[in-house]
Amino acid sequence: MRLALFIPCYVDTLFPQAGRATVAVLERLGHELTFPEEQTCCGQMHVNTGYQREAIPLVRNFVRAFGAYDQVVAPSASCVGEVREIYPRLARLSRDPELVADVDALVPRVHELTSFLVDTLGVEDVGAYFPHRVTFHPTCHSQRVLRIGDRPQRLLRRVRGIDLVPLPNAEECCGFGGTFSVKNADTSSAMLSSKVASVLQSGAEVCAAADNSCLMHIGGALHRQRTGVRTLHVAEILASTETHPWRAP
Amino acid sequence: MSGGTPRARPFSKAAREALQDTQLRRNLARATSTIREKRLRATEELPDWQELREAGRAIKAHTLAHLDHYLMRLEQNVVARGGQIHWARDAAEANAIVQALVSETGVREAIKVKSITTDEIGLNDALAAIGVHAIETDLAELIVQLAHEPSSHILVPAIHKNRAEIRALFLEAMGIAPSELSDEPAELAAAARRFLRAKFLEARVGISGANFAVAETGAVCVVESEGNGRMCTTLPDTLITVMGIEKVVPDWRAMEVFLQLLPRSSTAERMNPYTSFWSGVRPGDGPQAFHLVLLDNGRSEVLAHRERRQTLHCIRCSACLNVCPVYARVGGHAYGSHYPGPIGAILSPQLLDSPEADTLPFASTLCGACYDVCPVKIDIPSVLLDLRLRSVERRRARRGRLAALDTEDGAMRLAAAVFAEPRRYQWAQRGARLAQAPFVRDGYLERLPGYLAGWTRTRDVPAVPAQTFREWWRERRGSGGSQR
């Protein structure tokens, strides 16, 4: 199986530790990975802001980067959702039959990390150890676009030492929404204040999710308010072991 | 309108103002969370809820695909049963038709069933212009009418008002002494009942909207909770109904589906309390003149578009408002339209066609909660995306050569050019790391410039670290190591 890593632009640039953790987990499970360096950005920001035509070259670039691989895995439900749900529409918007065919062939092979682990690899216990109190935020796109359900929690529950605590109103959006967070910054902040209150109410020291984008939003407020609560991608928890435990940077 | 016209403003401005209203925030949080939980219980108890949703969607899609046929059939059957049909291309035509019909009767007052369609066309103002006072008889609609405000929720128009505010309105409008009315909900309802009963008994003209109209027999349907609607459709001599053309359904079998979907989605009830059907007129029983005004007002345009036409499936249940985290914080008035919330964010820009309404498709995080609850499966996030594309293109067209100066437009074009070419993307990563250096504090940035400034008003943002993922990957591959 030729397995490629899709590390979304903001993970590559701002959260490389989530990418490294993804590599660590998959290699520990015995898989060989490739990181096609032609990859850049999936174009979600453009699409969600109304610049869908500008995103078409990015679809082409994605197909160039990943078309040759059997499976593609990414630590981001949101970007995988973009590829799986929106790319077919963008390809059709381009009116390029070749792009439509390429996208239709590639899209089913692109997977979000936790679904890939649980469904494709059939693993729930990845041999992780993480002795901290964690609450899990099910991001909107992971739930209502990709519908990965409780796959992240199934993986987290098998982590040794973890104290997984419930998040009140977990399914409510944190208010990120890409450029919504700047175009409607006030409404976004009002939504975020509720999410932060829920995280604090949970009593967790770590808020985890399958998307660094939402975590950047939640974490941005947790840090601004000096709450002492941090955010981590699920992959970072799964990468932590007794021999190489996670350490605060 | 029901007492006020929504103000056309860009959503972000209107929302910012609404967020300051502490009373509104509390009312909305409490009301929407209560109804959200109730709706969930009312839909979960049905084993075939998903099949019902699919049936609702399929019936609507079929009807819209053959709308001309079903509308003609409806006309035929309404006329055969003694009713009259009027076709209105837009709000002005519809208002003129109703004005003429009301003028003929010579009345100075008309009673109204809660109807968003008549709000949409501004019928109350049009009637006021010819000296006719339209009295809203739905309790919440009456409250917002007395307050001279537009409705802020499809189902609960006065969701933004508390009982003290309602008491004050009633004291003034109904001439009640302060000592005779408390702010107990039961007392407030009783006061409204006394006030409205007198109106019902005097009224000779009733005006309604319609939830459905059954093409096969010409029966028109109003779904309501108080019974006041039925007073309006049965007591007066003349009944005038204004209905959007998308409300027609083919047959009675369709009603089996919608009368399950609608109450469970809107009020979380298993069965709707007052469901009125009437077909034409019947001598000696109910209104002796019935007029059905079929309103287009932009709907044919919506119908013409493949992706957006599903907007017309809406049965106005308001479930999407109640689950929307944006609506729950800003309320209905921020949407500047009689159709607020997620459905308003896709319907209003299509009906209103204005730069202000074009900001509404951006009033969403695309969280998808609305799509999941929609009883007729309107894929609201997809329509939002489509309308965002339209909005960007219209903004470009409006600005002409000045479009190049638009910050967002410029930034998006630049970003697309950078992302389309891996080398440029890596230069941008390095450039960002250099540019941020003087501003980084403990690995975070606390202020961002320009377009991004809104982010750092309430949130920090992590700085670009010393090594990106791809730099790490390259280094690791170079050294052949496998350390994390």
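The values are calculated or read from the model by the stated rules, or taken from the named source; none is laboratory data. Everything numeric here is computed off the predicted structure, so don't read it as measured data. Please note: Cβ atoms are built from the backbone with ideal geometry, for glycine as well, and neighbour counts cover all protein chains shown.
Looking across region B:446-481, the residues that are in contact with a Ser or Thr (Cβ under 8 Å, 6 or more places away or on another chain), farther than 17 Å from B:ALA428 by Cα and in contact (Cβ under 8 Å) with a residue 12 or more places away in the chain come down to B:GLU446, B:GLY450, B:TYR451.
Of the residues screened, B:VAL293 is one that is touching a residue at least 60 places away in the same chain (Cβ under 8 Å), surrounded by 20 or more Cβ atoms within 10 Å (Cβ to Cβ) and over 18 Å from the mean Cα position of the chain (by Cα).
Under the condition of being more than 30 Å from A:ALA239 (Cα to Cα) and either within 7 Å of chain B (Cβ to nearest Cβ) or in contact with a Phe, Trp or Tyr (Cβ under 9 Å, 6 or more places away or on another chain) (or both), the residues counted in region A:56-76 number 3.
Contact map, region B:152-166: first residue in contact (Cβ under 8 Å) with a residue 24 or more places away in the chain, second residue polar (S, T, N, Q) and not in a loop (DSSP other than H, G, I, E, B), Cβ cut-off under 7 Å, separation 6 or more or different chains; pairs are B:LEU155/B:SER266; B:ILE159/B:ASN27; B:HIS160/B:ASN27; B:ASN162/B:GLN23; B:ASN162/B:ASN27. Taken over region A:231-249, residues that are crowded, with 17+ Cβ neighbours inside 10 Å and either under 18 Å from A:SER115 (Cα atoms) or away from chain B (no Cβ under 11 Å) (or both) amount to 8. Taking the criterion of being among the charged types (D, E, K, R) and either under 15 Å from B:SER300 (Cα atoms) or in contact with a Phe, Trp or Tyr (Cβ under 6 Å, 6 or more places away or on another chain) (or both), the residues of region B:61-108 that qualify are B:ASP68, B:ARG89, B:ASP90.
Of the residues in region B:307-322, at least one is assigned to a loop (DSSP other than H, G, I, E, B) and more than 15 Å from the chain's Cα centre (by Cα). Applying the criterion of at least 1 residues that are at the interface with chain A (Cβ under 7 Å from one of its Cβ atoms), surrounded by 13 or more Cβ atoms within 10 Å (Cβ to Cβ) and within 38 Å of the chain's Cα centre (by Cα) to the helices (runs of 4 or more DSSP H) found wholly in region B:388-484 leaves B:407-419, B:453-456. Inspection of region A:215-228 identifies no residue that is more than 9 Å from chain B (Cβ to nearest Cβ), of a type in the set (A, V, I, L, M, F, W, C), surrounded by 21 or more Cβ atoms within 10 Å (Cβ to Cβ) and part of a loop (DSSP other than H, G, I, E, B).
Per the listing A:VAL165, A:VAL182, the residue uniquely surrounded by fewer than 17 Cβ atoms within 10 Å (Cβ to Cβ), touching a Gly at 6+ places or on another chain (Cβ under 7 Å), modelled with pLDDT of 95 or more and not hydroxyl-bearing (Ser, Thr, Tyr) is A:VAL165.
For region B:7-37, the set of residues classified as closer than 12 Å to B:LYS161 by Cα and part of a helix (DSSP H, G or I) consists of B:THR22, B:GLN23, B:LEU24, B:ARG25, B:ARG26, B:ASN27, B:LEU28, B:ALA31, listed by residue number.
Please determine whether any residue of region A:35-46 is of a type outside the set (Asp, Glu), at the interface with chain B (Cβ under 10 Å from one of its Cβ atoms), over 14 Å from A:PRO8 (Cβ atoms) and assigned to a helix (DSSP H, G or I). Scanning region A:35-46, I find no residue that is of a type outside the set (Asp, Glu), at the interface with chain B (Cβ under 10 Å from one of its Cβ atoms), over 14 Å from A:PRO8 (Cβ atoms) and assigned to a helix (DSSP H, G or I), so the answer is no. Could we say that A:THR135 is facing chain B (nearest Cβ under 8 Å), modelled with pLDDT of 95 or more and not in a loop (DSSP other than H, G, I, E, B) here? Answer is no for this residue. For region B:114-152, give me the residue count where each residue is surrounded by fewer than 23 Cβ atoms within 10 Å (Cβ to Cβ), touching a strand residue (DSSP E or B) at 6+ places or on another chain (Cβ under 9 Å) and more than 21 Å from B:MET243 (Cα to Cα). Residues in region B:114-152 being surrounded by fewer than 23 Cβ atoms within 10 Å (Cβ to Cβ), touching a strand residue (DSSP E or B) at 6+ places or on another chain (Cβ under 9 Å) and more than 21 Å from B:MET243 (Cα to Cα): 1 in total.
Only one entry in B:ILE154, B:ILE135, B:ILE130, B:ILE159 is touching an Asp or Glu at 6+ places or on another chain (Cβ under 9 Å) and among the β-branched types (Val, Ile, Thr), namely B:ILE135. Name the pairs whose Cβ atoms lie under 7 Å apart, with the first residue in region B:387-406 and closer than 18 Å to B:PRO349 by Cβ, the second surrounded by 14 or more Cβ atoms within 10 Å (Cβ to Cβ) and of a type in the set (Phe, Trp, Tyr), and 6 or more positions between them or separate chains? Between residues of region B:387-406 that are closer than 18 Å to B:PRO349 by Cβ and residues that are surrounded by 14 or more Cβ atoms within 10 Å (Cβ to Cβ) and of a type in the set (Phe, Trp, Tyr), the close pairs are B:ARG388/B:PHE362; B:VAL392/A:TYR51.
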